[in-house]
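Notes follow the structure.
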Amino acid sequence: MTHQPVLSIQNLSVAYMARRGMVKAVRDVSFDVFPSETVAVIGESGCGKTTLALALVRLLSRSAKITSGKVIFRGGDHSAPVDVLRLNQRQLRAFRWRNCAMVFQSALNALNPVLKISAQVQETARAHGEHDAKRVEERALWLFQQVRLDPRRVYNAYPHELSGGMRQRVLLALGLLLDPQVVILDEPTTALDVLTQRTIIEVLKRLREEMGFALIFISHDLSMAAELAHRIVTMYAGSVVEIGQVNEVFYRPKHPYTLGLMRAVPNLSGGRAELVSIPGSPPDLIDLPKGCAFAPRCSYAQAICHEQAPPLEMRAPGHASACHFWDRLPVLRELPSSQEVG
Ligand code: SF4
């Protein structure tokens, strides 16, 4: 990994305008993503991770507003860094797919049912200025092979002739068609069976090695995050509450929320450690409590937690957390196994 991040998210905040007020879905989020690195963003449903992903490629709904921050993209071709949030529509179209591809959970239904896969591949390429149909076809067939699909059969198929897992892999291949430097996957395997999930993880690992793209992996499946990611970002109530190397975060969590997520899933050995769900529910993002947003659910909370929001600070090399009592947390022994939280 080089020391220049390919994507720098800086103090990003996003709010949805609702009747009751502003829903602060993403609050002052900052982290870097380096070339060839996989960063997994974890947290319960509603913690802001999908809004964050949508903001990075500016695909937010009309009711959402980016209220502050920058998203700095650095291409590998010595071009100057650009703030994605300042790109005009033409630049943005080029940025999406060519520089940064995204495969969302709902994308399982994103393929046009009346068009063959071949037509959708060619259409995607043309829309981004790639008009050499033969070259596009060769690239698509190669990618289909990489994602373990029968290239010819899939290329000539209609979406309904493919299973959910096959369609998801088609979308992954489509995302990689223009050789992007960053790929964002939002819950890419949620609707798939465990074996297909495993295949996709293996495929992602291999392609990442071969193609060198950076991966932002949004998931509430800790086992997949543990297997795929170099670093983990834990989000709670729209904020980053912990960030660090995968083993650091999962073995030595420094935020009670990450610890809670870990304890809510079985460990890899299937040992007898008791599963404990996190009590309560996330706060109202329109009317956040004073102090630490996790305090009402936190068994480590003290009076100060209800008064002062803890800053996100380095607690160990490369490992930051936002908790007043981070040093009271235990060291864990097991990585999470294949069970979802949230
Ligand atoms: Fe819990 Fe306090 Fe840490 Fe917040 S700051 S996570 S309430 S111990």
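The values are calculated or read from the model by the stated rules, or taken from the named source; none is laboratory data. As the structure is a computational prediction, the values presented were derived from the model and not from experiment. In this analysis, Cβ positions are derived from the backbone assuming ideal geometry, glycine residues included, and neighbour counts consider all displayed protein chains. Side chains are part of the model used for accessible areas, which takes the heavy atoms of the whole protein and leaves out ligands, DNA and RNA. Shrake-Rupley method; radii C 1.70, N 1.55, O 1.52, S 1.80 Å.
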How many angstrom separate the Cα center of the stretch 102-158 from the Cα center of the stretch 207-238?
24
With θ set to phi - 60°, apply the Karplus curve 6.51 cos²θ - 1.76 cosθ + 1.60 along the stretch 28-44 and write out the HN-Hα couplings as whole Hz, x wherever there is a Gly or Pro.
6, 8, 9, 6, 9, 10, 9, x, 6, 8, 10, 10, 9, 9, 10, x, 5
Please give the contour-minus-distance gain from GLU210 to ARG148: 0.36 nm per residue of separation, less the Cα-Cα distance, rounded to one decimal in nm.
20.8 nm
Two-decimal log10 I(q)/I(0) for the stretch 235-328, as the Debye equation yields it once each C-alpha is a single scatterer, q = 0.11 Å⁻¹
-0.32
Would you check the accessible area of ASP193, probe 1.4 Å, heavy atoms only, in square angstrom rounded to 10?
90
Per-bin percent of Cα-Cα distances, the chain [10 Å]
5, 25, 33, 24, 10, 2, 0
By DSSP, what percent of the beta bridges with both residues in the chain are antiparallel, rounded to the nearest 5?
65
Where the chain is the region considered: accessible area per residue in Å², 1.4 Å probe:
46
In the stretch 1-65, how does Rg compare with the Kirkwood Rh, expressed as the Rg/Rh ratio over alpha carbon atoms?
1.03
Take the Cβ-Cβ distance between GLN302 and ARG62 as r, set R0 to 41 Å, and report the resulting FRET efficiency rounded to the nearest 0.05.
0.45
Listed residues GLY280, GLY75, GLY212, most fluctuating in the chain (Gaussian network, C-alpha, under 10 Å)
GLY280
Report relative contact order for the stretch 97-251 in percent, whole number only (criteria: Cα-Cα under 8 Å, sequence separation at least 6).
25
Viscosity 0.890 mPa s, temperature 25 °C: Stokes-Einstein D of the stretch 195-251 from its Kirkwood Cα radius, in µm² per second?
199
Exposed-loop cut sites defined as trypsin sites (Lys or Arg not before Pro) in DSSP loop states with at most 11 other Cβ within 10 angstrom; longest site-free run of the chain spans 63-271
Probe radius 1.4 Å, ligands and nucleic acids ignored: give me the carbon and sulfur share of the accessible area of the stretch 235-328 as a rounded percent.
52
Mind giving me the FRET efficiency for SER277 and ALA110? R0 is 22 Å, r the Cβ-Cβ distance, nearest 0.05 is fine.
0.10
